[in-house]
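A.B. asks: Below you'll find the structure I mean.
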Amino acid sequence: MSANHSRLQSIRDLIRWGVSRFHGAELFFGHGTDNAWDEARALVLGALHLPWDMSADYLDCRLEADELEAVRALLQRRIDERIPAAYLLGEAWFCGQPYCVDERVLVPRSPIAELIERQFTPWLNGAPARILDLCTGSGCIGIACAHAFPEAEVVLADLSFDALEVANLNIERHQLEERVYTVQGDGFDGLPGQRFDLIVSNPPYVDAEDFADMPAEFHHEPAMGLACGADGLDLVRRMLAEAADHLTEDGLLVIEVGNSQVHVEAAYPEVAFTWVEFARGGHGVFVLSAEQCRQHQALFRSRLQGE
């Protein structure tokens, strides 16, 4: 049915149509939304360049024929190609702010957003002067930290040159060039001798079994941002072994490991990780103080070497 003869007339009609089609196609929602309504709303409003939080009064506005066609085509791509909405729109939201995203980086969705919004209380002692976002991807975690701590210098580090190109776009978008910058390197390799008051990381942590079972939507994301060995901890082990060398005296380490929490607890039963509880959902984020990192560094190094 062509747009000219369609009974779909309003923004509300298009969202409802998208929800019905999304349910029928059994899509997976896990890239910024967790249900068909929010996903369809994001795509319809995004395609029309309308704000997410606009008044519901506008939902009954009728669309021009070309707008109807464009929105329906976008919704159909979401179904046919299983591409996450953020990639179709080239934009995702994190901590209430927009970020440029494409298939060079993961779609922002970390529960660490809640920690940033409350400035890492009660674990962080005072405002940090230097912050490291390790495995930064789009840069959203580090840039959100820069907004939360307006005096801090923030380093965004990643192995992927492609990801850092996106991170640099977001630094410019948020006009933070004066105190946020990128560093390329594998783990801490690009940061010799540097120390930070806060190190935050959402590294690749998906174990081999979970990666094999992931829905099609995840396979549009860069695999190097997701999978990391049989138990998902190849990089996390290195980070734990080296973190004490890059934290200030009273620094804080925050790492997301998601479902690989079980592997962390099994690998380091001697360590009293603090696992964060989130009001808005999410799990698998631990906090370690610099003192704990120093205390357990020999253990972390021995496990890294397989002893």
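The values are calculated or read from the model by the stated rules, or taken from the named source; none is laboratory data. Quantities reported herein were computed from a predicted structural model and do not represent experimental measurements. Heads up, the Cβs are rebuilt from the backbone with ideal geometry, glycines too, and the neighbour counts pull from every protein chain shown. We work out accessible area using only protein heavy atoms, side chains counted, and drop any ligands, DNA or RNA first. Shrake-Rupley method; radii C 1.70, N 1.55, O 1.52, S 1.80 Å.
A.B. asks: Within the accessible area of the chain, what % is carbon and sulfur when the probe is 1.4 Å and the other protein chains stay in place?
C.D. replies: C and S fraction of accessible area: 49 percent.
A.B. asks: Right, something else. Kindly write out, for the range 33-47 in residue order, the coupling ³J(HN,Hα) from the Karplus curve 6.51 cos²θ - 1.76 cosθ + 1.60 (θ = phi - 60°), rounded to whole Hz, with x marking Gly and Pro.
C.D. replies: 10, 10, 7, 5, 4, 5, 5, 5, 4, 4, 5, 5, 5, x, 5
A.B. asks: Using alpha-carbon positions, what is the distance between the centroids of the range 119-144 and the range 242-307, in Å?
C.D. replies: 16 Å
A.B. asks: Based on the alpha-carbon gyration tensor of the range 111-179 and its eigenvalue square roots a ≥ b ≥ c, which shape applies: rounded if a/c is under 1.5, prolate if not and a/b is larger than b/c, or oblate?
C.D. replies: It comes out prolate by the Cα gyration axes.
A.B. asks: Of His23, Asn168, Gly126, which is farthest towards the positive pole of the chain's charge dipole, taken about the Cα centre with +1 and -1 on the beta-carbons of Lys, Arg and Asp, Glu respectively?
C.D. replies: Going by the Cα projections, it comes out as His23.
A.B. asks: Counting pairs of alpha carbon atoms under 8 Å apart in space and at least six apart in sequence, what relative contact order in percent does the chain give?
C.D. replies: About 14 percent, as a whole number.
A.B. asks: For the range 1-160, what does the convex hull of the Cα positions come to per residue, in cubic angstrom?
C.D. replies: 128 Å³
A.B. asks: Given a Förster radius of 41 Å and the C-beta distance between His49 and Ala298 as r, what FRET efficiency does 1/(1 + (r/R0)^6) yield to the nearest 0.05?
C.D. replies: 0.15
A.B. asks: Comparing Asp245, Asp66, Asp13, which has the greatest mean-square fluctuation in the GNM of the chain with Cα pairs linked when under 10 Å apart?
C.D. replies: Asp66
A.B. asks: Still on this structure, I have one more. Treat every Asp and Glu Cβ in the chain as -1 and every Lys and Arg Cβ as +1, leave all other atoms uncharged, and give the resulting dipole magnitude about the Cα centre to the nearest 20 debye.
C.D. replies: Computed about the Cα centre, the dipole is about 460 debye.
A.B. asks: Something else: State, to one decimal in nm, how far the label point of Phe273 lies from the label point of Gln76, with both points 7 Å from Cα in the Cβ direction.
C.D. replies: For the pair Phe273/Gln76, the computed spacing is 4.6 nm.
A.B. asks: Just to check I understand the Karplus step: with θ = phi - 60° and J = 6.51 cos²θ - 1.76 cosθ + 1.60, what whole-Hz values come out for the range 145-160, glycine and proline as x?
C.D. replies: Values, residue by residue: 5, 4, 5, 6, 10, x, 9, 7, 8, 10, 10, 9, 10, 7, 6, 8 Hz.
A.B. asks: Quick one: accessible area per residue over the chain, 1.4 Å probe, rounded to a whole number of Å²?
C.D. replies: So the chain comes to 46 Å² accessible per residue, rounded to a whole number.
A.B. asks: Can you give the extra length, in nm with one decimal, that the chain gains between Gln184 and Glu265 once fully stretched, where that is 0.36 nm per residue apart less the Cα-Cα distance?
C.D. replies: Result: 26.2 nm gained on full extension.
A.B. asks: Let me ask you something else. What's the FRET efficiency of Asn35 with Arg173 using the Cβ-Cβ distance as r and R₀ = 25 Å, to the nearest 0.05?
C.D. replies: Calculated transfer efficiency: 0.35.
A.B. asks: Can you check what the net charge comes to around Met239, using other residues whose Cβ is under 14 Å from the Cβ of Met239 (Lys, Arg +1; Asp, Glu -1)?
C.D. replies: Net charge in that neighbourhood comes out at -4.
A.B. asks: Another question, if that's okay. Just to confirm the number: angle between the C-alpha axis of helix 65-81 and the first principal axis of the chain, 0 to 90 degrees, nearest 10?
C.D. replies: It works out to around 50 degrees.
A.B. asks: Test of understanding: in a Gaussian network model of the chain with alpha carbons linked when under 10 Å, which of Met239, Met54, Met214 would top the mean-square fluctuation ranking?
C.D. replies: Between Met239, Met54, Met214, it is Met54 that shows the largest mean-square fluctuation.
A.B. asks: Sticking with this one: Put Arg130, Arg118, Arg16 in order of accessible area, largest first, 1.4 Å probe: what do you get?
C.D. replies: Accessible-area ranking of Arg130, Arg118, Arg16, largest first: Arg16, Arg118, Arg130.
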